[in-house]
Structure formats: C-alpha cells, structure tokens
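Please read the structure below before turning to the comments.
Read-outs: derived from the displayed coordinates by stated rules, not from any lab. None of these values were measured; they are calculated from a predicted model. Cβ placement follows ideal geometry from the backbone for every residue including glycine, while neighbour counts extend to all protein chains displayed.
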Amino acid sequence: MLTTTTKPRGTSDYFYQLDPSLDLLINFAKNLSRLNGYYEIVTPIFEHKELFVRSVGSTSDIVEKEMYEFVDKNNRPLVLRPEMTASVCRCIIENNLLMKMALPIKTFYIGPMFRYERPQSGRSRQFYQFGVECIGSNSYFDIVEIVIFALSFLQIFHYNEYVLKINNICGCETRKKWITALKKYFSKYKEKLSIDSQKRLDKNPLRILDDKIDGEKDFVKKAPKITNFATKDEIDYFKKITDIFDQQKIKYVIDDTLVRGLDYYCNFVFEIESTSSLLKGQPTLIGGGQYNTLLKKLGSESTNCVGFAIGLDRLIVALTNNEIFKKQKEMYLNVDVVIAPLESKFDSYALSISNCLKQNAISSLTKFGTNKLEKHFKYAQKQKAKFVIIFGEKEIKENVVLIKDQKTRQQEKIELKNIVSYLYNKLGWKK
Ligand code: HAM
C-alpha cells in the first residue's frame, strides 16, 4: 500500500466544497449551543495517559484496547484523546474554574477523538464528536434539559428514526453490591461466555451486559438487576427525572442493560439509538449521563455533572437520505456574484469591482485569465452564483456593467456606482 497517498485506515478526508456535511453539523452544533447558553472549550488533542486511565477506567475497552498511545521525547506516556469529558474535568480543575465561574458551568466542544476500533460504517478511528458538559448542576431539570438539547440535534432535521434509552445505574455503593452479585451469577455460566467476557468477569462484569454478542444471550438478560440493590433515595431520584420526562412528553424506554462503556458514570445514563438500517452495526448516535464522582476522583471536590456527546460522522451516515440535510448541503455552495470580464485584459478592472463588493459583504468570485463568456457562465453555475456581472470594452467606456440574475435569467444594465445598492436590493438586504 502506498502510505504517501493513502490515509490511515479508519480516518476520513472532509473536503467541504464537495461535501459540506461536517461543516454544516458543526455550525448547527454551535448555533444550538448558543441557544442553550453553552460556551466552547478547546483542550489539547493529546493528554497524559493517566487522565483516561483514572477517569474512563483501566478495565474499560477504551483504555484496555483502543487508545493511541505514545511517549514523547522525554518518555512521558501520552495518548490521543479518546473522548473529552475527562479533558474538560482536567481543564476545570487545572484552571480552578469551579471557583472562578458561576455554577453550573455549561461548556461544549467539537473536535476529533481517536479510538483504535475496527472501522465500519459509522465507526472510525478518528471521528468527530460534539459534546456538552454541565458542571456543578444541582437540579434534575439540568439533566432533562441536557437530554432535550441532545434530542434537538435530531429534531432540527425532523429525524425521528430513533429511540431514547435511559437507565438508573445508581451510586458507587449500590454498584459495588450489584457487581459482586453479577460476578457470582456469571461465574456459574463462565464457559458460556466469550473469551473477552471471561476476562471481564473478574475485573468489570458490567461490560458483559453491553457486550454485542454475550449481551443477547438469555442468561445475560436474566442477570441480577441493579434495581434489586438500589436504595430508596436512588429509586426516588430516578423517578423524579422520569416524571419530568413524562410532564414534558418526552418518549423514552428504560433499558436495564444500558450501563455505558465508561467507568465515570453514575445514576442517570442515556443513549439515543438510531433505528435506521443505515446504522445497523453502530446504532448509538448520542451517549451521556451523570458523572458526579469524576471531579473528586481527579482531585477536586465532589461536583454533580451531566453531559453527552454525539458522533458527527455517525450522524452524517444516519442523515444520508434526510431531505432537510440534503437541502442544506445544496445551499452550502452559494456565492453571491461571479464577475465575468469578456477578455482577460480586463481582469484588473474585475479585481477592483470584486474588492468593492467584498468590502460591502457581497461574496464574489472571478475566473481570471479567460476570454470566453461561456466559461464564466459554466463557472457561475458550478459555484451556484446568484448573479453574474459582465463587462467588456464598451461597458467600461460607459461606466456600466451588465448584471444577469441567474434565477430569472434577466439581464440589466447598471451604472458602476450603483452596483452595490442594486445587488443589496436584489438580495433583499438593507443598506
Ligand atoms: P461515547 O458513548 O463513548 O461517550 O461516545 C459518544 C458518541 O460518539 C457515540 O454515541 C458515537 O456516536 C460517537 N462515537 C464513539 N466512538 C466512535 C467511533 N469509533 N466512530 C464514530 N463515532 C464514534 C463519550 O465519549 C462520553 N464522553 C460522552 C459524554 C459526555 N458523557 C458525558 N459527557
């Protein structure tokens, strides 16, 4: 394989002029964040390995098998970030933000994450996540609001091929009791478990529950449930959240096998799964939940937190046939004006008009070096220009240009000094 002209397996090139999907989703995500009062956080692409071992968990699949690890020239163990919740918490602690900011801190991020997984449709080794974190929240409503935020990402596309799954995975003490019971229960079925699950049995039996193959086995489905060990407070807490869902008419399914693959979660967790056949193997579009002990584990004070992340590459696959998304993509390439000098000797004149338009916020493109009007029009069509400004010797002498409306096909002669006001009027803008 030619490694100079082929990208690494499980990565993608995004060339927005040909496919603006990722850019569009990033813009939607930023607009939604603004509406919800979330501000962007940018952290390094690589972090100390220990951060993820401590937070995501040493027995999680991410830490055990999927991290891109390396040592720098000073032999420090580093990793390309596999997710960003841990980075956000690290940043909050390092910059003392719990003291400096009003709580809850609401922050969002967009960027590439790295996991060494087997690539397939909707699963890559470098993938883009949009995630939000609400840090220092003391209300159930913050949790419900976060879920509504996650759902709104699908609702803007009128995408309804999904199911919202939720679960109560309780606090640490209850989980400890549950894990002991699961170990005892699964050891009776040890030989029926896959080699991977047998290894998990001792270290992290929760992972057996969400294993793609073992998770479907009858005895796994009948394994002890956390609700058998939950305290009254934990049950009431979860009920309060589902009551708000009911009041807000949000449809959900309680899935008691939903444990999430990262160790920092507690109490309320959720996933939004696509039901479309486009994402058969990888249906989870959005995953999140509470992580009330993570900041403490990393050395700060105990702080209630909740968040979610959405896989943008996976969402792009899910939206393949979505009409709203298709329309947005069509509208993406849309320059206001293409300038068409009849001969290349007028290129300098074209450049002056173009500069004047851009100074007035009108986007303009010129295909320099051509003497053929036909070429200018082809170019205008490709760039989806709304108007073409044409001129030759005669127009320059008369201080005018011809402006053709690409939609109506009508052409008008406009005085040079009136081009901007004419276009503003046509574009429906105010001067
Ligand atoms: P996660 O479930 O590991 O959670 O990932 C969230 C989403 O990222 C998934 O639902 C999926 O859409 C996308 N994703 C994950 N792995 C891949 C992959 N290999 N290829 C393509 N997309 C992928 C987290 O990362 C948590 N940090 C979410 C969170 C934020 N929880 C609280 N706050």
Completion exercise
For segment 180-330 the translational diffusion coefficient, Stokes-Einstein from a Kirkwood Rh over Cα pairs at 25 °C and viscosity 0.890 mPa s, in µm²/s, is roughly 136 µm²/s
Problem - Largest-first ellipsoid semi-axes for the chain, taking √(5λ) over the Cα gyration tensor eigenvalues, angstrom - result: 53, 23, 21
Completion exercise
Note: Glu301 to Gln411 extended length (0.36 nm per residue) minus current alpha-carbon separation gives 32.8 nm
Completion exercise
Semi-axes (Å, rounded, descending) of the ellipsoid equivalent to segment 172-229 per its C-alpha gyration tensor are 18, 12, 10
Exercise for the section: Could you let me know the centre-to-centre spacing of segment 56-98 and segment 324-340, using Cα atoms, in angstrom? Expected result: 40 Å
Completion exercise
The FRET efficiency for Asn36 and Lys100, from their Cβ-Cβ distance with R0 = 22 Å and rounded to 0.05, is 0.55
Completion exercise
FRET efficiency (Lys394, Thr43; Cβ distance; R0 51 Å; to 0.05) is 0.30
Completion exercise
Taking r as the C-beta separation of Thr320 and Asp13 and R0 as 22 Å, the FRET efficiency to the nearest 0.05 is 0.75
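At 10 °C and 1.306 mPa s, grab the translational diffusion coefficient of segment 334-427 from Stokes-Einstein with a Kirkwood Rh over Cα pairs, rounded to a whole number in µm² per second.
123 µm²/s
Please work out how much length the chain gains when fully extended from Glu50 to Tyr185, using 0.36 nm per residue of separation minus the C-alpha to C-alpha distance, in nm with one decimal. Don't jump to the answer; show the numbers that get you there.
Values: separation 135, 0.36 × 135 = 48.60 nm, distance 3.21 nm.
Full extension of this stretch gives 45.4 nm more.
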Exercise for the section: Within segment 367-383, which residues have the backbone N less than 20 Å from the label spot 7 Å out from Tyr422 along Cα→beta-carbon, could you tell me? Expected result: 367, 373-374, 376-378, 380-381
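As a check on your grasp of the helix formula, calculate [θ] at 222 nm for the chain: sum -39500 (n - 2.57) over DSSP H runs of n ≥ 4, divide by the residue count, round to the nearest 500.
It comes out at -11000 deg cm²/dmol, rounded to the nearest 500.
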Fill in the blank from the handout: Links exceeding 18 Å between C-alpha atoms in this model, out of Lys221/Lys280; Lys177/Lys297; Lys30/Lys106; Lys326/Lys384; Lys358/Lys386, come to Lys221/Lys280; Lys177/Lys297
Problem - Volume of the Cα convex hull of segment 140-268, divided per residue and given in Å³ - result: 120 Å³
Completion exercise
In whole Hz, the Karplus estimates of ³J(HN,Hα) for segment 381-393 (6.51, -1.76, 1.60; θ = phi - 60°; x where Gly or Pro) are 5, 4, 7, 6, 5, 7, 9, 10, 9, 10, 7, x, 4
Handout entry: Kirkwood hydrodynamic radius of segment 216-256, Cα pairs, Å
Key = 12.1 Å
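How long is the gain from Asp218 to Leu402 if the chain were fully straight, where each residue apart is worth 0.36 nm and the alpha carbon distance is subtracted?
On the way: separation 184, 0.36 × 184 = 66.24 nm, distance 7.48 nm.
Using 0.36 nm per residue and subtracting the Cα-Cα distance, I get 58.8 nm.
May I ask you to derive the relative contact order of the chain, considering only C-alpha pairs under 8 Å and at least 6 residues apart, and to give it as an integer percent?
15 percent
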Fill in the blank from the handout: Quick calc: nm separation of the 7 Å Cα→Cβ label points for Ser58 and Asn27 -> 4.8 nm
